[in-house]
Amino acid sequence: MDWISSLSTLAGAVVGVGAALVAERLRWHRDQEREAAQTRRAVYSEFLMALSRGHSDMRGIVLRTDRPSGDALYGELHQALDSAGIWRLRQSLSLTASADIIHLAESACDALTSMRDRLIEEPNIRGDSYRACRAELWRDNAQLREAMRRDLGMDGPADPEVGQYRLSDARTSPAGS
């Protein structure tokens, strides 16, 4: 009978240790997911801020009363995007984001570089050309933010800043200011 009692104790210990190991594995997995989401959130935020900073800096150059022209304008607008950190952060996205988000980030970068090129040709933020570029940037940025929010499991009210561009596929709508 002693061996039955010992076997019962051993079985209880095995079940207890096994349950503890399973619980620890689940906790570890949950912690890993939480840490990965926090990393993505940080990279996403930095990337979105860099896009905003690049756009803002280009606008600032064009709005200056002593605005450069020719090669100087070309250089300053290129430097505005380079110093915003967009290209460096795009590399960080490639290590943390899904293929869908990387594709949307590339579209937003393309829209911003198109805006830069347009501002080199026509340094006027009041013209139709700039408004069309801005509408494309806002639409691409809205789609990128929505994908990032979904990836992070965020819900809630619509982002008020994206307005009519929220997941719109209209590429030519220059509305808004």
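The values are calculated or read from the model by the stated rules, or taken from the named source; none is laboratory data. Being a predicted model, the structure only gives us computed values, none of them experimental. With ideal geometry, Cβ positions are generated from the backbone for all residues, glycine too; neighbour counts draw on all protein chains shown. The accessibility values were calculated without ligands, DNA or RNA, using every heavy atom of the protein model including side chains. Shrake-Rupley method; radii C 1.70, N 1.55, O 1.52, S 1.80 Å.
Results for (1) in a loop (DSSP other than H, G, I, E, B); (2) modelled with pLDDT under 75; (3) closer than 17 Å to Thr113 by Cα, shown as yes or no for each residue.
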position: Gly12; (1), (2), (3): no, yes, no
position: Val15; (1), (2), (3): no, yes, no
position: Glu35; (1), (2), (3): no, no, no
position: Gln38; (1), (2), (3): no, no, no
position: Leu51; (1), (2), (3): no, no, yes
position: Asp71; (1), (2), (3): no, no, yes
position: Leu81; (1), (2), (3): no, no, yes
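Within 13 Å of the chain's Cα centre (by Cα) and at pLDDT 95 or above, is that true of Ala105? Taking the combined requirement at face value, the residue satisfies it.
Each row is one residue, and each column tells you yes or no for (1) within 13 Å of Val43 (Cα to Cα); (2) in contact (Cβ under 8 Å) with a residue 12 or more places away in the chain; (3) part of a helix (DSSP H, G or I); (4) within 14 Å of the chain's Cα centre (by Cα).
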position	(1), (2), (3), (4)
Leu89	yes, yes, yes, yes
Thr113	no, yes, yes, no
Ile125	no, yes, no, no
Tyr130	no, yes, yes, no
Ala135	no, yes, yes, no
Asp140	no, yes, yes, yes
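The residues in segment 91-109 that are under 18 Å from Glu146 (Cβ atoms) and either open to solvent by less than 10 Å² (accessible area, probe 1.4 Å) or part of a helix (DSSP H, G or I) (or both) can be counted, and the count is 13.
Restricting attention to segment 58-69, the residues that are open to solvent by 30 Å² or more (accessible area, probe 1.4 Å) and in a loop (DSSP other than H, G, I, E, B) add up to 5. For first residues located in segment 51-72 and closer than 16 Å to Asn124 by Cβ, partners that are open to solvent by 90 Å² or more (accessible area, probe 1.4 Å) and not in a helix (DSSP H, G or I) and lie 6+ apart or on another chain with Cβ distances below 7 Å form the pairs Ile61/Arg67. For segment 111-141, which positions are open to solvent by 50 Å² or more (accessible area, probe 1.4 Å) and not hydrophobic (A, V, I, L, M, F, W, C)? Ser114, Asp117, Arg118, Glu121, Glu122, Asn124, Arg126, Asp128, Arg131, Glu136, listed by residue number.
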